[in-house]
Amino acid sequence: MTVRVGVAGAAGRMGRMLLQVAAGSDIDATLAAAIVRPGSELCGVDSGDLVGIKPTGIKLSDDLAGWLRAMDVLIDFTPPEAALANARLCAEQGRALVSGTTGFSPEQALEFDVATRTIAVCQSANFSPGVNLAYTLLAQAAAVLGEDADIEIAESHHRHKLDAPSGTALAMGDVLAGARGRKLTDVAVFDRAGKASSRTPGTIGFSVLRAGDIVGEHTVTFATEGERLEICHKAGSRMAFARGAVRAAQWLADRAPGRYDMQDVLGLKEN
Ligand code: NAD
């Protein structure tokens, strides 16, 4: 079935990529709406013109409530507060939701979960197939190398990114802590400045770099006495996330209400 996709955050970095993928897709999808922030001066502009492709006939709008009935699935890459409000609208109108927003506070994450209980939601901090495969490899490495290995997660992103560490780095941390039977909140170390102590065994350290136009890089290091394993993912373009999100929308369209993620879409939980 050709899924009718709406894009929220259409004028953003990810939104522009999503417009291109949804409008010209080899994935079975069609662009049904393109939603920008309330009051945006871009309202009324053809979404194809915005991204330099042929006109799509879908004009940018700030009226998500009015456009929801035209779509099967909303793909939302807006900042957290807007994403929460948009999720509530999806639930009210019974529309499925692909959510790519990162940086929810714990309270917002809970509100999001409660608000979307009645609809199908696919939420992932990273929609690239490579990163989702990396989660599986990380769990395997953590299990095989055991407590002896010190684990460090390093991530780099562009200068505009709002949240740190990235949602993907935290998701990797969750996977790694879980593989050791721990909760990330109990073992994560985000800051070592001014602490004159050696490394606490079993902790998972995070380091963050923000610079230039780096799309997204994550390296997880497992280090023991005598050897080091690194699992590294580098995104060269936001296209990987956008294609993954549209693929998720296609997959989600005929699912029952519930919570899914990109690992479900890729069938990585079946192995
Ligand atoms: P961005 O700032 O470039 O784009 C966000 C857009 O949302 C802006 O154009 C803003 O005007 C718009 N917006 C704000 N409120 C809105 C509303 N109510 N309705 C519609 N649009 C609204 O940010 P970005 O780099 O595109 O990233 C967006 C989010 O996606 C961030 O949380 C980022 O971390 C996340 N992200 C996730 C993935 C993934 O694979 N899950 C990949 C990249 C980025």
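The values are calculated or read from the model by the stated rules, or taken from the named source; none is laboratory data. The model shown is predicted, which means the values in this text are computed figures rather than measured ones. All Cβ positions, glycine included, derive from the backbone under ideal geometry; neighbour counts span all protein chains shown. Note: areas computed on protein heavy atoms with side chains; ligands, DNA, RNA excluded. Shrake-Rupley method; radii C 1.70, N 1.55, O 1.52, S 1.80 Å.
General observations
- Test for R228: is it at pLDDT 95 or above, farther than 30 Å from I119 by Cα and not assigned by TED's automatic domain parsing to the domain that holds S99: yes
- G244 vs. criteria open to solvent by less than 30 Å² (accessible area, probe 1.4 Å), touching a Leu at 6+ places or on another chain (Cβ under 7 Å) and outside any loop (DSSP other than H, G, I, E, B): no
- Scanning the range 74-110 for residues that are within 14 Å of G12 (Cα to Cα), in contact with a Gly (Cβ under 6 Å, 6 or more places away or on another chain) and not β-branched (V, I, T) gives F77, P80.
- Output for the range 4-20, where each listed residue is touching a residue at least 40 places away in the same chain (Cβ under 8 Å) and surrounded by fewer than 24 Cβ atoms within 10 Å (Cβ to Cβ): R4, A11, G12, R13, M14, M17, Q20
- Test: residue in the range 139-149 that is farther than 24 Å from T203 by Cα and open to solvent by 50 Å² or more (accessible area, probe 1.4 Å): no
- Subset of the range 151-178 (residues that are open to solvent by less than 10 Å² (accessible area, probe 1.4 Å) and not in a helix (DSSP H, G or I)): I151, I153, E155, S166
- Residue match in the range 2-16 (condition: β-branched (V, I, T) and more than 21 Å from I119 (Cα to Cα)): no
- Of all residues in the range 59-70 being among the aliphatic types (A, V, I, L, M) and within 14 Å of the ligand (Cβ to nearest atom), the one that is surrounded by the fewest Cβ atoms within 10 Å (Cβ to Cβ): A65
- The condition of being assigned by TED's automatic domain parsing to the domain that holds N86, open to solvent by 30 Å² or more (accessible area, probe 1.4 Å) and within 12 Å of the ligand (Cβ to nearest atom) does not hold for G24.
- Residues of the range 256-267 include none that is touching a His at 6+ places or on another chain (Cβ under 9 Å) and not β-branched (V, I, T).
- Test: residue in the range 194-203 that is in contact with a helix residue (DSSP H, G or I) (Cβ under 9 Å, 6 or more places away or on another chain), closer than 16 Å to T168 by Cβ and open to solvent by less than 100 Å² (accessible area, probe 1.4 Å): no
- Residues considered: L176, L138, L209. Of these, the only one that is within 16 Å of the ligand (Cβ to nearest atom) and under 22 Å from G100 (Cα atoms) is L209.
- Of all residues making up the range 241-265, the number that are closer than 16 Å to G216 by Cα and either in the same structural domain as L138 (by TED's automatic domain parsing) or not small (G, A, S) (or both): 2
- Considering (1) assigned to a strand (DSSP E or B); (2) within 16 Å of the ligand (Cβ to nearest atom); (3) loosely packed, with under 14 Cβ neighbours inside 10 Å, the lone condition that C232 does not fulfil carries the number (2).
- When residues of the range 97-119 are limited to those that are more than 10 Å from the ligand (Cβ to nearest atom) and open to solvent by less than 10 Å² (accessible area, probe 1.4 Å), the one farthest from R255 (Cα to Cα): F112
- Boolean, A249 is buried (at least 19 other Cβ atoms within 10 Å of the Cβ) and free of Cβ contacts under 8 Å to residues at least 40 places away in the same chain: no
- Looking at G94, G44, just one residue is modelled with pLDDT of 95 or more and in contact with a Lys or Arg (Cβ under 9 Å, 6 or more places away or on another chain), and that residue is G44.
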